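Notes follow the structure.
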């Protein structure tokens, strides 16, 4: 029974979805930013280029379709189905910030993770959820109602030292399977 | 500061939005079901008409636009702005069941409750949230992480006796303001 399983919540952008790679593709296409951009630790991607270029991230994410063809994060397609067997697995994405993202994100999940039912998907503002585990790249989402927060490594969070960290989906599998 | 306020979560359909009235309008338009349909206590609206008519509810809710012009529940426009001053107010709707509802529900909130920021809106499957208060018409959403569940009266839930009940937005105001 699902109710007996421990609850595992998983964020989308920079965790399940390689939104960083999608941004780089667009910055490269439009402004010639190199695809192997060296990002300063602890900064957002758009802070690593001239401001007038970086500011385009807001335009990109608000365009319908942006989130529809984001690459799946490496390793997720192998590990997430196994996690889904063991845990009561939820997808929890702060999609509410970009209203054109709702349908794209939903269709993306249907395509890549069709075994996750609608009952286990949440598009949120603040993540006021309760979960045994939450895998997220943003530490602000780790409230006291998350028993075991796992910080998924992303360039913007590499300087944070106070969280249990996972650097890849392989590492997630080692810890949780 | 918002963090000092108690958290109040509010459901949409049958609580903030009079989805029941919208259904009746369509059943009346298409099948002549009377607008003052007498509904058997403890039943869903679609159980109070021949099955081949009632089954159309699924068609209605999946049509883009269905949720866009649902009437606001009587009294909500007066009370919710006052609640928003006193509480850290969230809208939590199980929108995930109907993917064509996302944009309609978001736009509906923007129109009628523009003071609620995106950070305080959640479209969910199961409501795995933590809140001091949750006003909802579905008792299944009252987990142990809801300190004070308030069951908003709707024909389908009138037979339930084990919950603190609110029969109108005026009553919500009397209890919470």
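Structure notes:
- Compactness index (Cα Rg / 2.2 N^0.38 Å), segment A:29-105: 1.38
- Rounded to the nearest 500, the helix-only mean residue ellipticity at 222 nm of chain B stands at -9000 deg cm²/dmol, with each DSSP H run of n ≥ 4 adding -39,500 (n - 2.57).
- Cα-only radius of gyration and Dmax that characterise the protein assembly as shown, units Å: 21.8, 67
- Between this copy and the others, label points of residue B:65 are 2.5 nm apart in ascending order, each placed 7 angstrom from Cα in the Cβ direction.
- For residue B:153, label point 7 Å along C-beta direction: distances to other copies, nm: 5.9
- Ordering of A:160-172, B:20-32 by packing [mean C-beta count within 10 Å, highest first]: B:20-32, A:160-172
- Largest first, the extents of the alpha carbon coordinates of segment A:19-62 on the three principal axes equal 26, 19, 16 Å.
- For chain A, the longest principal axis of the Cα atoms and the long axis of helix A:102-112 meet at an angle of about 60 degrees.
- Peptides B:123-133, A:82-92, A:46-56 ranked from most to least packed give B:123-133, A:82-92, A:46-56, packing being the mean of other C-beta atoms within 10 angstrom over each peptide's residues.
- Percent breakdown of C-alpha pair distances by 5 Å bin, ordered from the shortest bin, for segment B:86-177: 3, 12, 21, 22, 24, 13, 4, 0
- The distance separating the Cα centre of segment A:106-140 from that of segment B:10-24 comes to 26 Å.
- Compactness of chain B as Cα Rg over 2.2 N^0.38 Å, two decimals: 1.02
- Average other protein chain Cβ within 10 Å of Cβ, residues B:95-105: 4
- Position residue A:174: other-copy label points at 6.2 nm, ordered by increasing distance, label point 7 Å along Cα→C-beta.
- With a Förster radius of 45 Å applied to the C-beta separation of residue B:175 and residue A:112, the computed FRET efficiency comes to 0.50.
- Helix A:19-31 axis versus longest C-alpha principal axis of chain A: approximately 10°, rounded to the nearest ten.
- Normalising the average separation of contacting C-alpha pairs (under 8 angstrom, six or more residues apart) by the number of residues puts the relative contact order of segment A:19-62 at 30 percent.
- Nearest 10 degrees, 0 to 90: helix A:76-86 Cα axis against chain A principal axis: 20
Coordinate-derived values only; no laboratory data. Model, not experiment: these values are computed from the prediction. Quick reminder, even Gly has a Cβ in these numbers, built from the backbone with ideal geometry, and neighbours come from all protein chains shown.
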